[in-house]
1. Counting alpha carbon pairs within less than 8 Å and at least 6 residues apart, what relative contact order, in whole percent, applies to segment 52-189?
2. Can you pull the three principal axis extents for the Cα set of segment 348-439, in Å, largest first?
3. Charges only on Cβ, +1 for Lys and Arg, -1 for Asp and Glu: so what's the dipole of segment 334-426 about the Cα centre, in debye to the nearest 20?
4. Given the rule -39500 (n - 2.57) for each run of at least 4 DSSP H residues, summed and divided by the residues of the chain, what is its mean residue ellipticity at 222 nm, to the nearest 500 deg cm²/dmol?
5. Taking the Cα centre of segment 419-527 as the origin, how large is its charge dipole in debye, to the nearest 20, when only Lys and Arg (+1) and Asp and Glu (-1) carry charge on their Cβ atoms?
6. Counting Lys +1, Arg +1, Asp -1, Glu -1, what net charge surrounds Pro77 among other residues with beta carbon under 14 Å of its beta carbon?
7. Taking the highest mean first, how do the peptides 3-14, 206-217 order by number of other beta carbon atoms within 10 angstrom per residue?
8. Ignoring solvent entirely, what values of log10 I(q)/I(0) come out of the Debye formula for segment 151-196 at 0.26, 0.31 Å⁻¹ when each Cα is a single scatterer?
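Each value in this text was obtained by applying a stated rule to the coordinates, not by laboratory testing. The shown structure was predicted, so the numbers you read here are calculated from the model rather than taken from an experiment. Here the Cβ positions follow ideal geometry from the backbone for every residue, glycine too, while neighbour counts run over all protein chains shown.
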Amino acid sequence: MSEYLARWKKLFFGLLAADSVSARLQTISLCLILLMCLGIRIAHIDAPRLDRTAWKEIDYIEITSNYMRNGFDFVKPEISWPAEPPRTTAMELPLVPYASALVCAIAGFHAFSFRLITLLSFLVISVYTYRLARLELGPLVALIAAFAASVLPLSHYYGNMVFSEPAMIAFSVMAIFHFRQWSHSGSKREWVLSALFFALAVALKLEPLYLLLPLAYIAYGRYGRNWQSYRFFAAFVICSLSIAVVWFSYAYHIARTSLDVYGIFGGLEGGHDKFQTLGMLSDPEWYQIMVHRIAGMGGKTGLLLFVAGAAATVLLRINSVFFFYLLAVGVYFMIVAEGNIDGPYRQMVIVPPFSVFAALGALAVGVTVCATLGHMRKEGYSSGYRIGSMLIACVLVAMIVADKRDAIFSRDPLLPAAPDQWVMAKELRKHAREGDKIITLGAYTIHKGGNDLSPVFYYYAGLQGWSLQKGQWNLETAKALMNKGARYLVAHEMIREPESAPFMEEVRKISRVLYEDEERRSVILELDGQSRSR
């Protein structure tokens, strides 16, 4: 057994060596991976169509369009659906919709130009996953990880859409890479680049503060217990938070004086509380959902390879930076427990470390097969065993594509992200005229701890209006909005909000039913202000 383990380690660590793949082959392989990713993304860039996309992207479509219409005023991200101003809303740093607006101003507004920022973000993620993995584990693991990092987002429902997470993940990997470079060289340039990319990541989404864990680990590797030297790390953190502090201070002002429909300040205006940790972490179903979603990106093959890579990491004491990267992502998942259940796109942050662990797992399996053959034959290792291990690893990672081929290649671009609301909006469009206003209430208002206000129905119907939340469900409020031009009331999945029943009964008395789904208690009412016998 000891002889077998010696052979296994010799072959495995030989494949992690810096010269395991020539520089020329590395360049060619990485270019082919990126071209593959680019080709698939361009071929499916219109899935789903922009007119029937998901809530998350609808927000960015509206803000991008309003930047183009209103003169590219960066500090005024505006939404379109409210019936009356103000429409400038508090949000994270609007770098992504602003960049999309600039691209669309040049190339026109269509799926490719609008989604170009997301496409480029995922290419950058692949490149920097490769660069960071090459530093830590050698070029072979880096190339396999780059392939996995390219493939995993392709199978994700949100993998095409425009929102802040893809750019945030890209900046996150870039920040870790350049900080690692700085830890080796002490270069001021690398320090500045890392601080800049970390600053942008945190300004786009506050969640990347979890990166402080792998960054602190890297700093510890450089300074050890020389605690006085950590003042440079403290300066790094302070500089990195500067953009976020400035922008979120301004966003708080917007929330107080205008709108905060995304609830980024928690309970300030009934916003969406993303920190319901303890209750969810005590429920086994939370863990089942998270594992199911993560497995959904890589399939059963990807998940098994990830587990094998995690085992190799622990047993061989390698891959330490990515271990702390993965640990930080896990901490984030738990702290933002409710937000991770509510938003499947949030699990995308695991793509870089998951890809590296899957690559390590694939290589470990390949080495195991070849080491076993070598042990059985009692022969030394020839180059054939090395090549065999590489090929087996590549085939295993390629099986992720086979597992997820339908999600990658067969997505129907005509399928709306919210089918029920699409059907209701289609029905309303048969009756509504340009300029009609609507009142909405429904499923999006019941998140624990608060709510984000959904633009989906407004966007699908092409109308503006008012969203009534719990506490506003009374006939007086409805009649006041009718006096302002509200012509229809749309209630979606009120079965989830039984407290609305008395209000719905009252408003039915002054309405005509245009559409009703009794099972879900979804209804479209035409408001005419006249009492009706029922």
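1. Numbers: 138 pairs, mean separation 30.2, N = 138.
Once normalised by length, the contact order is 22 percent.
2. Largest to smallest, the principal-axis extents are 81, 24, 16 Å.
3. Numbers: 8 positive and 7 negative charges, 88 e Å.
It works out to roughly 420 debye.
4. Working: 22 runs with 327 residues, N = 534.
Mean residue ellipticity at 222 nm (helix-derived): -20000 deg cm²/dmol.
5. Details: 16 positive and 16 negative charges, 69 e Å.
Result for segment 419-527 is approximately 340 debye, rounded to the nearest 20.
6. Working: positive: Arg69, Lys76, Arg87; negative: Asp59, Glu62, Asp73, Glu78, Glu92, Asp260.
Combined, the nearby Lys, Arg, Asp and Glu give -3.
7. Details: 3-14: 15.4, 206-217: 20.4.
Answer by packing, highest mean first, reads 206-217, 3-14.
8. Per q value, in the given order, log10 I(q)/I(0) is -0.83, -1.02.
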